[in-house]
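Visitor: One structure, as structure tokens, below. Some questions next.
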Amino acid sequence: MPFCGRVLAKPGFSTLCEALGHGCGLILVERHGFAEAAALCRGVQNHGFHRLITARQLQAGDWGLTEPLLPPRHGPLATSGAQAASRHMAGVLGENSF
């Protein structure tokens, strides 16, 4: 993903995390029957450049790939979670060494 500017996808944890982590814009296709879809779409709207399309638009080829993406409502999320978690674990393990 670091080599693309936009990702066309359905809401799913892995794809959205990768895209947001690399600063890729997202074109999201509505996803019915997936309990977390609404929360994931809200997260993308809040923290990533995006455009939402319907399944009908997808099937018709109306993807809006060249349309400007909508800006996030809030700023981007921090992408340093793995480093923060490893520092925390190192501290915990260091305190409990044998």
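Visitor: Yes or no: region 31-48 includes at least one residue that is over 11 Å from PRO11 (Cβ atoms), modelled with pLDDT under 95, of a type in the set (A, V, I, L, M, F, W, C) and in contact with a strand residue (DSSP E or B) (Cβ under 9 Å, 6 or more places away or on another chain).
Guide: no
Visitor: Given the conditions (1) within 15 Å of the chain's Cα centre (by Cα); (2) more than 20 Å from PHE3 (Cβ to Cβ), which single one is not true for ALA55?
Guide: (1)
Visitor: Could I ask something else about it? For region 64-98, what are the residues that are in contact with a His (Cβ under 9 Å, 6 or more places away or on another chain) and either modelled with pLDDT under 85 or assigned to a loop (DSSP other than H, G, I, E, B) (or both)?
Guide: Residues satisfying the conditions are LEU69, PRO71, PRO72, ARG73, HIS74, GLY75, PRO76, LEU77, THR79.
Conditions (1) out of contact with any Leu (no Cβ under 9 Å at 6 or more places or on another chain); (2) part of a loop (DSSP other than H, G, I, E, B); (3) without any contact (Cβ under 8 Å) to a residue 12 or more places away in the chain, marked per residue:
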{"site": "LEU26", "(1), (2), (3)": "no, no, no"}
{"site": "ALA35", "(1), (2), (3)": "yes, yes, yes"}
{"site": "ALA38", "(1), (2), (3)": "yes, no, yes"}
{"site": "CYS41", "(1), (2), (3)": "no, no, no"}
{"site": "GLN45", "(1), (2), (3)": "no, no, no"}
{"site": "ARG51", "(1), (2), (3)": "no, no, no"}
{"site": "LEU58", "(1), (2), (3)": "no, no, no"}
{"site": "ASP62", "(1), (2), (3)": "yes, yes, yes"}
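The values are calculated or read from the model by the stated rules, or taken from the named source; none is laboratory data. This one's a predicted model, so the numbers in the text were calculated from it and none came from an experiment. Note that we place each Cβ from the backbone using ideal geometry, even for glycine, and neighbour counts take in every protein chain shown.
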